[in-house]
Amino acid sequence: MSVQDTIKQQVTGHKVVLYMKGSPDFPQCGFSANAVNILRACGVDAPFTVNVLEDAEIRQGIKEYANWPTIPQLYVNGEFVGGSDIMTEMFQSGELKKMLG
């Protein structure tokens, strides 16, 4: 299975998927920590997460999958939502909570 196939299986196999640096309990960058905090504030306590620091192929592959250069990346119901900045804007407007609810 190719990296792109693996990513597609991950994003379509779970309602909420977060590609991040580190883990929800030990994020390895401020943007990933922000993304986890936003998801928790929206009531998502256990999203499916992928630590891109553990797999260089996934780390590069996810950037190509969404054509988005940065991590973290959030997917909801198989659709790319965005990174930390977009998540913050959507959280502040209430849009993200609606999408996750």
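Read-outs throughout are calculated quantities, based only on the coordinates presented, and are distinct from any laboratory measurement. None of the values given here were measured: they were computed from a predicted structure. Cβ: placed from backbone, ideal geometry, glycine included. Neighbour counts: every protein chain shown.
Points to keep in mind about this one:
- Distance from the stretch 1-65 to the stretch 70-101 (C-alpha centre basis), Å: 12
- Listing Ile71, Ile62 from fewest to most neighbouring C-beta atoms within 10 Å gives Ile71, Ile62.
- In this structure, the amide hydrogen of Val50, modeled 1.01 Å from its nitrogen in the peptide plane, lies closer than 5 angstrom to those of Leu18, Tyr19, Met20, counting only residues at least 5 positions away or on a different chain.
- Residues within the reach of a label modelled at Asp25 (point 7 angstrom out along Cα to beta-carbon, backbone nitrogen below 15 Å), restricted to the stretch 61-79: there are none.
- Computed about the Cα centre, the dipole magnitude for the chain is approximately 180 debye when only Lys and Arg (+1) and Asp and Glu (-1) carry charge, each at its Cβ.
- Spatially near lysine pairs across the stretch 3-100, Cα under 18 Å, sequence gap of 8 or more or different chains: 4
- In terms of the mean number of neighbouring beta-carbon atoms within 10 Å, the peptides 46-59, 10-23 order highest first as 10-23, 46-59.
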